[in-house]
1. Using the structure shown, decide if residue 60 is over 29 Å from residue 240 (Cα atoms), surrounded by fewer than 21 Cβ atoms within 10 Å (Cβ to Cβ) and either without any contact (Cβ under 8 Å) to a residue 24 or more places away in the chain or not assigned by TED's automatic domain parsing to the domain that holds residue 190 (or both).
2. Considering only segment 125-148, I want to know if a residue exists there that is of a type in the set (Ser, Thr, Tyr), within 30 Å of residue 23 (Cα to Cα) and either surrounded by 14 or more Cβ atoms within 10 Å (Cβ to Cβ) or over 19 Å from the mean Cα position of the chain (by Cα) (or both).
3. Taking segment 9-31 on its own, how many of its residues are more than 13 Å from the ligand (Cβ to nearest atom) and of a type outside the set (A, V, I, L, M)?
4. How many residues are within 16 Å of the ligand (Cβ to nearest atom) and surrounded by 15 or more Cβ atoms within 10 Å (Cβ to Cβ) when one looks only at segment 79-101?
5. Where residues in segment 203-241 are among the β-branched types (Val, Ile, Thr) and closer than 23 Å to residue 38 by Cα, which of them is farthest from the ligand (Cβ to nearest atom)?
6. Exactly one of these conditions fails for residue 185: (1) touching a helix residue (DSSP H, G or I) at 6+ places or on another chain (Cβ under 9 Å); (2) crowded, with 20+ Cβ neighbours inside 10 Å. Give me its number.
7. Counting only residues that are in contact (Cβ under 8 Å) with a residue 12 or more places away in the chain, in contact with a strand residue (DSSP E or B) (Cβ under 7 Å, 6 or more places away or on another chain) and of a type outside the set (Val, Ile, Thr), give me the helices (runs of 4 or more DSSP H) lying completely in segment 171-241 with at least 2 of them.
8. Being surrounded by fewer than 20 Cβ atoms within 10 Å (Cβ to Cβ), more than 16 Å from the ligand (Cβ to nearest atom), farther than 21 Å from residue 208 by Cα and not assigned by TED's automatic domain parsing to the domain that holds residue 220: is that true of residue 112 here?
Amino acid sequence: MLQVEKVTGGYSLSHAVIHQLTFSVTNAEIVGLIGLNGAGKSTTIKHILGLMSPHTGTIKLDGNSLKEDTKSYRSKIAYIPEVPQFYEELTLWEHLELTALAYQIPTETFLSRANDLLELFRMQRAKKWFPNTFSKGMQQKIMILCAFLVEAKYMVIDEPFVGLDPLAIQAILQLLLEMKQKGMGILLSTHILSMAEKYCDRFLILDQGRIKLAGTLQDIQLQLNQPSISLEECFYKVVND
Ligand SMILES: Nc1ncnc2c1ncn2[C@@H]1O[C@H](COP(=O)(O)OP(=O)(O)OP(=O)(O)O)[C@@H](O)[C@H]1O
C-alpha cells in the first residue's frame, strides 16, 4: 500500500503548498487525483516520488519510506510525468533498453513487452529515431512506454492525456485496466473528469493544497448530500464553495 500520512510540504520551508494530506492507494485500484490548476497535484506526486521531502508527515510504500529502503521503494514505482523528460542522445528503443536495465527486467520479458507496447501505441516505425525529432504527443508516448514497460507494483501518472491522439488515449486506458487487474495500485492525476469518473475507483479532490473530499463517487455524493450528481458536478460544488 502507498500510504501518505499527514504530509505538509512545498518548495520552501517557509511556505507550504500541500497541507496535512492523508490518503492511501492500495493494490488493484485506480485513485483519481483531481483539482484546479495550482491545487497541488504535481507537488503531491513529487513528494511521493521522493523528488521533494515533506516538511512534516510520512510517505510509505508497503511499510517503508524512501529513506528506509531506497532501492525497494524506487523499484516498486513507475511514473509518467506531465511534461516529457528524455535524453536527446538516445533513440526511443534505447530509452526502453535503459529503463529495462534500471528496473532489471529480464531480456526476454523486455523484448516481448517493448514490442507489444510499440505496436499498441503505433510507434514501431519510430523506434530507432531520436526524440527531438518527435511530435509532442510522440514524446509523451516515450514516457508512457517506459512506464508501462516496468509493470511496477505502483504507478503514478501526472495528467497523461494532454496532446495524445484518441487511439493513444484508448490504449492508455486499456493498459490501466489491465494493470489494475494484475494488482497494480495507480494514482492518476487528471483534469478530464468524465474519464476519471469512468475509470477511477476512488477520488481525492484537492483544493488549495488540501483534500476537500475523498472516497468513491457514492461517498462523495453522500458527503455533499447530492445522491445522483456526476463527479464533475461534485467537483464544481467543492471548488466553488
Ligand atoms: N518549482 C516551483 N517552485 C515554487 N512554487 C511552485 C513550483 N511548482 C509549483 N509551485 C507552486 O505550487 C502550487 C501547486 O502547484 P502544482 O504544480 O502542484 O499544481 P497542480 O495541481 O499540479 O496544477 P496543474 O493542474 O496546473 O498542473 C502552485 O501555487 C504553484 O505556483
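1. When the stated conditions are applied, residue 60 does not pass them.
2. No: segment 125-148 contains no residue that is of a type in the set (Ser, Thr, Tyr), within 30 Å of residue 23 (Cα to Cα) and either surrounded by 14 or more Cβ atoms within 10 Å (Cβ to Cβ) or over 19 Å from the mean Cα position of the chain (by Cα) (or both).
3. So the answer is 7.
4. Kept after step one, since they are within 16 Å of the ligand (Cβ to nearest atom), are these residues of segment 79-101: 79-85.
Still in the running and surrounded by 15 or more Cβ atoms within 10 Å (Cβ to Cβ): 79-82, 84.
Residues flagged as within 16 Å of the ligand (Cβ to nearest atom) and surrounded by 15 or more Cβ atoms within 10 Å (Cβ to Cβ) within segment 79-101 amount to 5.
5. Ranking the qualifying residues of segment 203-241, first place goes to 220.
6. Only one criterion is unmet by residue 185, namely (1).
7. Once the helices (runs of 4 or more DSSP H) in segment 171-241 are filtered for at least 2 residues that are in contact (Cβ under 8 Å) with a residue 12 or more places away in the chain, in contact with a strand residue (DSSP E or B) (Cβ under 7 Å, 6 or more places away or on another chain) and of a type outside the set (Val, Ile, Thr), what remains is 193-199, 231-240.
8. yes
The values are calculated or read from the model by the stated rules, or taken from the named source; none is laboratory data. What you see is a predicted model; the values in this text were computed from it and never measured. Cβ coordinates were reconstructed from backbone atoms using ideal geometry, including for glycine residues, and neighbour counts include every protein chain displayed.
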